[in-house]
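> Here it is, the structure in full.
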Amino acid sequence: MRNNYSTFINLTKKIFWVISAILIYLIFNSQNLEIYSDNKNFSYNNSQSNDQVIRGAKFFSSDNKNRPFTLTATSAQKKTKSENMYNLIFPSGNLINKNGGYFNIKSEKGTFDQSNEKAHLFDNVVLNDQDGYIFKTESIFINLNSEKVYSNEKISGSGERGNISAQGFEIIDSGNEVRFLGKTKLVILNK
C-alpha cells in the first residue's frame, strides 16, 4: 500500500511539471501570436487606407471675436489628404459666449471641417448649458465663423423652469437668441 502511495505522489508531481511547462509555453507563445496578429491587422489596415486616424483628438480655436471653443473626440479620421475634414467618433465640445455662459455638446458621431470651422454632430446629440437645461436631438450643425448653431431635426429640452419640444431650432448671436422652428410645444412650470 505504501508503494502505491509513493507511485501516486511521484506520478502527480510529474503531471504537475508537465502541465506547468505547457502553461508557460502557452503564455509566451500566445503573446507572440497576439503581437503577430496585431501587426498583421495594422499592416492590413494601412494597406487598405492611407487616412490619418488621431486617437484622443482635440481641436482648439476661437471665433472671429476671440471667444474660445474646443472640440474633442475619441478618434478623428481625416477624410481626404487635401482638406482638413475629419470624421469624428464620440465628439464633444464647448462654446463660450460673450457673457461667460457656455454650451456643452456631445454626440456619438460627427464631422469637422477645420478650415471653415464647421461641425456636424449626429446620433444622440445632447446639448446642455450653464443653467442646467438639457436639449436632445439627432443632428446639429455648428458654424463657428457665423456663430450659428442649428438643427432641422426634432428637439426636446428640459430644465427647472419647464419643457419644450420643436421640429428644429437655431441659436444665434452667441446664445443671446434661441429660435424654435416648426410646431413647438412649451410647458412652463410654476414654482
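> Output the residue which, of all residues in segment 159-184 that are touching a strand residue (DSSP E or B) at 6+ places or on another chain (Cβ under 6 Å) and hydroxyl-bearing (Ser, Thr, Tyr), is modelled with the highest pLDDT.
Checked segment 159-184; the qualifying residue modelled with the highest pLDDT is Ser165.
> Only residues that are without any contact (Cβ under 8 Å) to a residue 24 or more places away in the chain and among the β-branched types (Val, Ile, Thr): list them for segment 86-124, please.
Ile89
> If you go through segment 138-167 one residue at a time, how many are without any contact (Cβ under 8 Å) to a residue 24 or more places away in the chain and at positive phi?
0
> For segment 104-117, state whether one or more residues are surrounded by fewer than 17 Cβ atoms within 10 Å (Cβ to Cβ) and within 30 Å of Asn190 (Cβ to Cβ).
yes
> Condition first: at pLDDT below 80, of a type in the set (Gly, Ala, Ser) and touching a Phe, Trp or Tyr at 6+ places or on another chain (Cβ under 8 Å). Can you find one or more residues in segment 46-62 that meet it?
Yes, the conditions are met somewhere in segment 46-62.
> Name the residue that is modelled with the lowest pLDDT, counting only residues in segment 144-158 that are out of contact with any Asp or Glu (no Cβ under 6 Å at 6 or more places or on another chain) and of a type in the set (Ser, Thr, Tyr).
Ser146
> Which ones in segment 129-161 are surrounded by 20 or more Cβ atoms within 10 Å (Cβ to Cβ) and farther than 15 Å from Gly93 by Cα?
Thr137, Ser151, Ile155, Gly157 - these are the residues of segment 129-161 that are surrounded by 20 or more Cβ atoms within 10 Å (Cβ to Cβ) and farther than 15 Å from Gly93 by Cα.
> What's the total number of residues in segment 77-116 that are at pLDDT 85 or above, among the acidic types (Asp, Glu) and farther than 28 Å from Ile164 by Cα?
1
> Could I ask something else about it? What about Leu95, is it closer than 20 Å to Glu177 by Cα, assigned to a strand (DSSP E or B) and either acidic (Asp, Glu) or touching a helix residue (DSSP H, G or I) at 6+ places or on another chain (Cβ under 9 Å) (or both)?
In short, yes.
The values are calculated or read from the model by the stated rules, or taken from the named source; none is laboratory data. Computed from a predicted structure; not experimentally measured. A quick note on method: Cβ atoms are made from the backbone with ideal geometry, for glycine too, and the neighbour counts reach across all protein chains shown.
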